[in-house]
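What follows is one structure encoded as structure tokens, with my remarks underneath.
Values in this text are rule-based calculations from the coordinates and carry no lab data. Since the model is a prediction, treat every value here as computed from it, not as a measurement. Reconstructed Cβ throughout: ideal geometry from the backbone, glycine too, with neighbour counts over all protein chains shown.
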Amino acid sequence: MTSVSSLESVDKPVLRAYLVLRIAFTIVPIIAGIDQFTNKLAEWDMYLAPVATRILPVSARTFMMLAGAAEIVAGLITAFAPRIGGWIVAIWLWLIIINLLAAQGFYDTALRDLGLSLGAVALALLGAGFHRKSLEARPAQTENRS
């Protein structure tokens, strides 16, 4: 995790934007993933392209539950390693977009997911920058203890 002391030199608006993205891309995938087991927010199976249901070795319901588990894991990775989790969420969203375009009729949702994926990329890039800053700050902290 990025230490608070390494972030003190970062502009406050940049830090706030990073924290908003980090929280959002942690919580939203976890909530969506959990809901794929309960179907309280949406009937997730309807978003699976017919071509996918024909070629999958499991039922649409089973696949969506596996996808839900993957989304929960992606959210947890984002919580602890946003520079990695951001890329995982972005790639996951791009795969969802491909599925939505193949399903036809979900173009608005595909466009929304494209916007979300760009936010996830921004989080990954900011996370990499903050991670680098925290690594650069560590030797100085060690030297000060001597």
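Here are the numbers for the structure shown:
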| read-out | value |
| --- | --- |
| Pair ILE27, LEU111: separation of 7 Å Cα→Cβ label points (nm) | 2.7 nm |
| Cα→Cβ-extended label distance, 7 Å offset, between PHE80 and LEU56, nm | 2.8 nm |
| Burial order of peptide ranges 66-77, 86-97 (average beta-carbon count within 10 Å, highest first) | 86-97, 66-77 |
| Relative contact order computed over region 27-146 (Cα-Cα under 8 Å; 6+ residues apart), in percent | 26 percent |
